[in-house]
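Trainee: I'd like to ask you about the structure that follows.
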Ligand SMILES: C[S@@+](CC[C@H](N)C(=O)[O-])C[C@H]1O[C@@H](n2cnc3c(N)ncnc32)[C@H](O)[C@@H]1O
């Protein structure tokens, strides 16, 4: 059966202050072009961990090519997916249209999330996988706090960030990134139930490493 597209949340994406163009964006433009050319749309390990925790109205911040958004929509979620990359959003819109999935995809600069709070929408799950470390420290921490506010009672925050000890830095704007402390994310969700907490390490080019923290936390209350 055809799924109805979610009601347009035009307010939110319209008020984003324009696209974020920097070294990180150029890094992902190249990566996304390679993935589209190769037909590589597999979920990454963090997205695979996140997927079973997503239900209802989902906000996917920094959605990239939208692999998680599409998988979530296929399991019954209604997804709003935002990213700064026009190429990634165009790809996701094409896929969602072709697959008739209930996804609203919009290009948005997510350096500041106040525009989402101001729009008044709240979600059953807010995912930000691999996004917050691309913001300078104060904005990264403010975004984590805003994500907590965007989650409805009984809903979930799904976060994944690079942490201290990461030595692969090719994708970062030199003056505009933040490596979280290994135990920093839970600070933004006091009193929430930690459903998943994981520290992981992956090898990267030139004998560097990427260290990640993944947190899935459930807000007290009923959905
Ligand atoms: C590491 S990728 C993660 C993509 C996807 N969540 C995944 O797990 O594959 C980081 C994403 O954040 C987006 N991004 C980085 N800075 C951003 C910003 N200021 N505003 C919006 N998106 C941004 C990039 O375009 C990219 O799609």
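Every number here is computed from the coordinates shown, using simple stated rules; none is lab data. Keep in mind it's a predicted model, so treat the numbers as computed, not measured. In this analysis, Cβ positions are derived from the backbone assuming ideal geometry, glycine residues included, and neighbour counts consider all displayed protein chains.
Trainee: Taking the chain as a Gaussian network, Cα atoms linked when under 10 Å apart, which of 35, 194, 87 shows the biggest mean-square fluctuation?
Mentor: So, out of 35, 194, 87, the one fluctuating most is 35.
Trainee: Can you say what percent of the DSSP beta bridges in segment 113-223, counting only those with both residues inside, are antiparallel? Round to 5. Intermediate results must be reported in sequence, preceding the final value.
Mentor: On the way: 18 of 25 bridges.
Counting only bridges with both partners in segment 113-223, antiparallel ones make up about 70 percent.
Trainee: Determine, for 91, 196, the number of other Cβ atoms within 10 Å of each Cβ, and report the residues in order from fewest to most.
Mentor: Final ranking by Cβ density, sparse to dense: 196, 91.
Trainee: Here's a follow-up. Going by C-beta contacts inside 10 Å, put 206, 122 in order with the fewest on the left.
Mentor: Ranking 206, 122 by Cβ neighbours within 10 Å, fewest first, gives 206, 122.
Trainee: Let me ask something else. Go ahead and set up a Gaussian network model of the chain, Cα springs under 10 Å, then flag whichever of 105, 145, 125 fluctuates most.
Mentor: Comparing 105, 145, 125 in the GNM, the peak value goes to 145.
Trainee: Compute a Gaussian network model of the chain, connecting alpha carbons closer than 10 Å, and tell me which residue from 49, 166, 208 fluctuates the most.
Mentor: Maximum fluctuation in the GNM of the chain, among the listed residues, is at 208.
Trainee: Then there is this: Give the Debye-formula value of log10 I(q)/I(0) at each listed q (0.10, 0.12, 0.16 Å⁻¹), with one equal scatterer per alpha carbon of the chain, two decimals each.
Mentor: One equal scatterer on each Cα of the chain leads to -0.40, -0.59, -1.13.
Trainee: Follow-up question, since we're still on this one. Sort 172, 27 by Cβ crowding within 10 Å, fewest neighbours at the top. Could the numbers behind the result be given before it?
Mentor: Values: 172 19, 27 15.
So the ranking, lowest neighbour count to highest, is 27, 172.
Trainee: Among the DSSP beta bridges whose two residues both lie in the chain, what percent are antiparallel, rounded to the nearest 5?
Mentor: Details: 18 of 39 bridges.
Bridges in the chain are about 45 percent antiparallel.
Trainee: Spin-label point model (7 Å from Cα, Cβ direction): what's the residue 207 to residue 97 distance in nm?
Mentor: Label at residue 207, label at residue 97, 5.0 nm between them.
Trainee: Which of rounded, prolate or oblate describes segment 112-172 when judged by the alpha-carbon gyration tensor and an a/c cut-off of 1.5?
Mentor: prolate
Trainee: With bins 5 Å wide starting at 0, give me the P(r) of segment 110-223 over every alpha carbon pair, in whole percents.
Mentor: Result returned by the calculation: 2, 12, 22, 23, 18, 12, 7, 3, 1, 0.
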